[in-house]
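First up is the structure itself, then whatever we jot down about it.
Derivation of every value follows stated rules applied to the coordinates shown; laboratory data play no part. Note that this is a predicted model, so its numbers are computed, not measured. In this analysis, Cβ positions are derived from the backbone assuming ideal geometry, glycine residues included, and neighbour counts consider all displayed protein chains.
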């Protein structure tokens, strides 16, 4: 495994535009101060802010030591200092060896309260969006995928722009093909008499290899997501399930079988019951059948609710049942409920508790927890900088 070395640099506002244009993957040559220690660069920024009106932003760069050494040795440079200003050769060396984004760390300045540059805050907001997206994808996928730092560069290489006429023809062809495909599928699915048959059809006849892999890659954290999931499902795969199993279907045998799942179903049923099919499909593909012991606990809680509970206890009991159905332990459920309460009581730190909760649902191992903490810190660092520049408390 290659050794990683971290550099800390001090940027001015004018450097951020260059960073943004390069998706925060390249430093400009601007005699930027650098060091190997975070505390040193922050101390330097604190001292420097007394003598300048500029806003000063600290950032970190992780570099591959092997690539760094190879480039340095092939590009001689007389300046060997470990603290000072980056020469052009050193800047190029860091850019060549960079293995991830330039990460914003903190902001300094004696006149931060007077900062008013919407263009700069927009650059930072866009980068914050990327870091949040990266954090969410890591928690939402069982493979713990990390969106690569050069994602936008590779996406641009693959993009092929079509003319309006070509776009119109492509869309029309896709709609026609989908209509023909849907008609053929309904001829089969409307003859299905049970939910189990529906799941078998989806797994063995409908979903392709990549789609099954995508289902298996969807973590429990993504499955239990509170924000955006219902909307995305309703107009996405939920709509597809409604089209092939419900709209126009008059097979009462199928609907009678579906009704058997509703009283005991702890997932959202959806508009017509498609949520039940989706939940069972995800469970089947992810080997997440509720254990017999947890099923008994759920029945016990249901009896407790039926006998009457206080309103403020109902949600905790419902959440407990839902998490038991996904085989979370009692200790994990206690932590979840504690985080739920903190989210309700401490709105200023809502996101901190939210991502902790999401990480717990994702069931991370020790190494993954450390990666999560790093990704989370990247996100909150840039958010804190934006808040300071926007004069938010």
List the equivalent ellipsoid semi-axes of the stretch 1-115 in whole Å, largest first, each obtained as the square root of 5λ for an eigenvalue λ of the Cα gyration tensor. 25, 15, 13
Would you mind ranking 332, 53 by Cβ crowding within 10 Å, fewest neighbours first? 53, 332
Once the Cβ-Cβ distance between residue 306 and residue 368 is put in as r, and R0 is 41 Å, what FRET efficiency do you end up with, to the nearest 0.05? 0.55
Once the Cα atoms of helix 164-189 and of the chain are each reduced to a long axis, what angle between those two axes, in degrees from 0 to 90 to the nearest 10, is obtained? 30
By how many degrees, 0 to 90 and rounded to 10, does the Cα axis of helix 350-362 deviate from the longest principal axis of the chain? 60
Is any residue of the stretch 373-393 close enough, with backbone N under 18 Å, to a label point placed 7 angstrom from the Cα of residue 115 along the Cα-Cβ axis, and if so, which? 378-393
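Given the Cα-Cα distance of residue 315 and residue 147 and 0.36 nm per residue of separation, how much length would full extension add, in nm?
57.0 nm
Sum -39500 (n - 2.57) across every DSSP H segment of at least 4 residues in the chain, then divide by the residue count to get the 222 nm mean residue ellipticity, nearest 500. Write out the running numbers ahead of the final one.
Working: 19 runs with 235 residues, N = 393.
Helices in the chain give a 222 nm mean residue ellipticity of -18500 deg cm²/dmol.
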Between residue 344 and residue 322, how many nm apart are label points set 7 Å from Cα along the C-beta direction? 1.3
What list do you get for 315, 282 if you sort them by fewest beta carbons within 10 Å? 315, 282
At a threshold of 8 angstrom on Cα-Cα distance, excluding pairs fewer than six apart, so keeping six or more, what relative contact order does the chain reach in percent? 18
Enter the per residue convex hull volume of the chain, computed from alpha-carbon coordinates, in Å³ rounded to the nearest integer. 197
Working from Cα positions, state the angle (0 to 90°, nearest 10) between the long axis of helix 65-74 and the longest principal axis of the chain. 40
Quick one: order 116, 140 by neighbouring beta-carbon count within 10 Å, fewest to most. 116, 140
Ratio to report: Rg/Rh of the stretch 266-393, with Cα atoms as the point set and Rh obtained by the Kirkwood method; give two decimals. 1.05
